[in-house]
Amino acid sequence: MAATVIDGKAFAGTVREKVAAHVERIKAEAGVTPGLAVVLVGEDPASQVYVRSKGKQTAEAGMNSFEHKLDADTSEADLLAVVDQLNNDPAVHGILVQLPLPDHLDSDLVINSIDPAKDVDGFHISNVGLLGTGQKSMVPCTPLGCLMMLRDHHGSLSGMNAVVIGRSNIVGKPMAQLLLNDSCTVTIAHSRTADLPGVVRQADIVVAAVGRPEMVPGDWIKPGATVIDVGINRLDAPEKGEGKTRLVGDVDYDSCAAVAGAITPVPGGVGPMTIACLLANTVTACCRANGLEEPEGLTA
Ligand code: NDP
């Protein structure tokens with residue numbers, strides 16, 4: 001039987017609607033408007049696209065959007081001063097410093113200078129620790145989006161075998177932690193994993209976050225398993241015209257969809273959920289800062 005396609009684009013639309021409804025409610029009831037500040041250093045084209053899209057969707061959800069664009073040669077001291085100013089601005093509830101930063105800037109230092117309560121990317125060491133100990137935290141957006149889709153599809157994840165391929169700090173590790181917190185039995189695989197196909201074949205849930213185009217073939221997938229493809233890889237597509245490209249994930253979609261019970265496509269799967277979860281984290285941060293009721297179903 002063909003796999004159910006988990007439509008991340010539609011699901012992200014539902015999340016954005018829930019965010020917008022909650023924003024409207026807290027504006028009316030408490031007179032508070034959530035605000036998200038995005039800091040972009042330099043002119044990386046992909047980052048510029050992300051930042052534009054984040055600003056647009058923030059405004060569409062009824063929130064305030066603040067953009068700080070800094071020159072590529074901005075000093076660390078100047079960047080830290082901007083973060084400090086945002087930490088102290090009561091109109092700003094979420095701060096996102098767009099990564100990657102130029103090489104002369106220490107990303108860990110900058111991220112850890114953000115007020116953890118405003119760290120809507122969930123990368124601050126305090127939030128990593130809170131998540132790791134099962135406490136209330138700000139949760140990284142991409143894994144949060146994956147978790148929401150899995151919960152929506154399965155209901156409870158308790159007792160399921162999950163394999164996360166990739167151990168990055170921004171996707172693999174927090175994803176594994178979230179699945180563990182939802183009582184999955186979790187294996188984290190990486191480039192040194194022995195018998196990766198055999199490990200993946202044990203999984204009821206496979207999350208691929210590797211950065212290698214179409215690396216996971218269908219014959220690694222246990223029949224009926226749920227496959228969440230985090231990968232975003234751009235390949236040349238001469239069949240679409242000269243200089244054209246196409247996006248593919250980290251799993252070979254056609255062969256995996258033939259075996260899996262459910263699968264996320266690329267594009268249109270995990271990608272749209274990431275910004276939706278950023279908006280969700282911003283409204284959550286705003287509610288926590290003001291002692292207001294948090295939106296339901298938008299946090300881990
Ligand atoms: P990283 O490069 O930081 O991490 C990749 C991980 O994959 C590493 O842990 C690495 O292992 C592992 N890996 C690499 N090669 C293999 C292999 N042959 N077998 C098994 N494991 C392997 O990537 P990210 O986590 O940042 O991103 C992963 C993917 O997700 C990328 O395609 C990225 O574009 C995408 N992404 C998508 C987002 C979205 O919004 N949808 C957001 C963020 C990322 P090791 O540690 O041993 O080197």
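The values are calculated or read from the model by the stated rules, or taken from the named source; none is laboratory data. In this text the structure is predicted, and so the values were computed from the model without any measurement. Ideal geometry is used to build each Cβ from the backbone, glycine not excepted, and the neighbour counts take in all protein chains shown.
Annotation: Leu147 fulfils all but one of (1) in a loop (DSSP other than H, G, I, E, B); (2) hydrophobic (A, V, I, L, M, F, W, C); (3) closer than 21 Å to Cys256 by Cβ; (4) out of contact with any strand residue (DSSP E or B) (no Cβ under 8 Å at 6 or more places or on another chain); the unmet one is (1).
Considering region 253-268, the residues that are of a type in the set (Val, Ile, Thr) and more than 10 Å from the ligand (Cβ to nearest atom) include one that is farthest from Ser137 (Cα to Cα), namely Val259.
A quick yes/no check of all residues on (1) hydrophobic (A, V, I, L, M, F, W, C); (2) within 16 Å of the ligand (Cβ to nearest atom):
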| site | (1), (2) |
| --- | --- |
| Phe123 | yes, yes |
| Met160 | yes, no |
| Ser183 | no, no |
| Ile205 | yes, no |
| Arg212 | no, yes |
| Ile221 | yes, yes |
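Looking at Ala72, Ala59, which one is among the small types (Gly, Ala, Ser) and part of a helix (DSSP H, G or I)? Don't jump to the end; show me each part of the working.
On the way: Ala72 fails: part of a helix (DSSP H, G or I).
The unique qualifying residue is Ala59.
Any chance region 82-90 includes a residue that's in contact (Cβ under 8 Å) with a residue 24 or more places away in the chain and either assigned to a strand (DSSP E or B) or within 16 Å of the ligand (Cβ to nearest atom) (or both)? Within region 82-90 (the criterion being in contact (Cβ under 8 Å) with a residue 24 or more places away in the chain and either assigned to a strand (DSSP E or B) or within 16 Å of the ligand (Cβ to nearest atom) (or both)), the answer is no, since none of the residues qualifies.
Restricting attention to region 249-281, the residues being closer than 17 Å to Asn127 by Cβ and out of contact with any Lys or Arg (no Cβ under 9 Å at 6 or more places or on another chain) number 3.
So that you can scan it fast, the table gives a plain yes or no per residue for (1) of a type outside the set (Ser, Thr, Tyr); (2) closer than 18 Å to Ile170 by Cβ; (3) more than 16 Å from the ligand (Cβ to nearest atom):
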| site | (1), (2), (3) |
| --- | --- |
| Met215 | yes, no, no |
| Arg234 | yes, no, no |
| Val270 | yes, yes, no |
| Ala276 | yes, yes, no |
| Glu296 | yes, no, yes |
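All of (1) part of a strand (DSSP E or B); (2) within 16 Å of the ligand (Cβ to nearest atom); (3) under 26 Å from Ala289 (Cα atoms) hold for Ile95 with one exception: (2).
Only one residue in Gly211, Gly231 is closer than 29 Å to Ser156 by Cα, buried (at least 16 other Cβ atoms within 10 Å of the Cβ) and assigned by TED's automatic domain parsing to the domain that holds Ala176, so which one is that?
After ruling out the rest, the residue left standing is Gly231.
Taken over region 209-258, the criterion of being in contact with a Ser or Thr (Cβ under 9 Å, 6 or more places away or on another chain) and basic (Lys, Arg) is satisfied by Arg234 alone. Only one of the numbered conditions (1) touching a residue at least 60 places away in the same chain (Cβ under 8 Å); (2) surrounded by fewer than 20 Cβ atoms within 10 Å (Cβ to Cβ); (3) near the ligand (Cβ under 9 Å from one of its atoms) is violated by Arg192, and that is (1). Any residue in region 170-178 that is in a loop (DSSP other than H, G, I, E, B), crowded, with 17+ Cβ neighbours inside 10 Å and near the ligand (Cβ under 10 Å from one of its atoms)? Yes, region 170-178 contains at least one residue that is in a loop (DSSP other than H, G, I, E, B), crowded, with 17+ Cβ neighbours inside 10 Å and near the ligand (Cβ under 10 Å from one of its atoms). Remark: Val164 matches the filter, which requires a residue to be under 16 Å from the mean Cα position of the chain (by Cα) and in a strand (DSSP E or B).
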